[in-house]
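For reference, the structure is listed below as structure tokens.
The values are calculated or read from the model by the stated rules, or taken from the named source; none is laboratory data. Remember, predicted model here, so these are calculated numbers, not experimental data. Counting neighbours? That spans all protein chains shown, and the Cβs are built from the backbone with ideal geometry, glycine included.
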Amino acid sequence: MNRPIQDNKEFHTRETWELSLQWVHANRRFIRRLASPYLKHMAADRDDLYQEAAIAAYKAFITCHEKGESNRFVPYFRVIFKTSCLKMASGVRTIDFLEGYQFTYPEEEKETVVPDPEQKKIEEALKTVTRKQREICVWLLQQREPVKFKDISRQFKVSRRHAFRMMSNIYERLSQVAP
């Protein structure tokens, strides 16, 4: 499960990153087991988890090399990776099945032009969010089909995890304004 680190005098960044990726690929079960208490609270998918693990492995390799303790890789990795998991899980309200979650919008039958009283309510509500969040809300209101987080992340060039966090923040702000 755990391979020892090779102690080379020249510890290049590229080599360290490749070694980190190899270690993560070889120890996926171990990584999932470490992250299991935090997974249901994370707004992250499997790829995000393994990316965080690769970063944690890289940091652990660097720390081991700097301290000259190549046999302490796994404890360093555990601390760094669990800290990353806590950060990913903190303060985010998640849902169990992120990929299948869709925002629902009115059917095409309904008029897309909002009457003045509704338009005023929308404008008032949008004043409570930031400029970027307002752009996202306006884009969402213009969509005719339900939108997934994957679509939001692609449109605004952010990760799915970041798109979920933004939508969670928007939802909280708008729900405080709604009567």
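Within region 31-53, how many residues turn out to be of a type in the set (Gly, Ala, Ser) and in a helix (DSSP H, G or I)? Qualifying residue count, region 31-53: 3.
Can you say whether ALA54 is modelled with pLDDT of 90 or more and within 22 Å of VAL158 (Cβ to Cβ), as far as the supplied structure shows? The answer is yes for ALA54.
Tell me whether region 158-175 contains one or more residues that are of a type in the set (Asp, Glu), out of contact with any His (no Cβ under 8 Å at 6 or more places or on another chain) and more than 26 Å from LYS87 (Cβ to Cβ). No, that holds for no residue. Is it fair to say VAL74 is within 16 Å of ILE170 (Cβ to Cβ), at pLDDT 65 or above and surrounded by 14 or more Cβ atoms within 10 Å (Cβ to Cβ)? Judged against the criteria, VAL74 is not a match.
Kindly evaluate ILE31 against the criterion of being hydrophobic (A, V, I, L, M, F, W, C), touching a residue at least 24 places away in the same chain (Cβ under 8 Å), within 15 Å of THR83 (Cβ to Cβ) and surrounded by fewer than 19 Cβ atoms within 10 Å (Cβ to Cβ). Taking the combined requirement at face value, the residue does not satisfy it.
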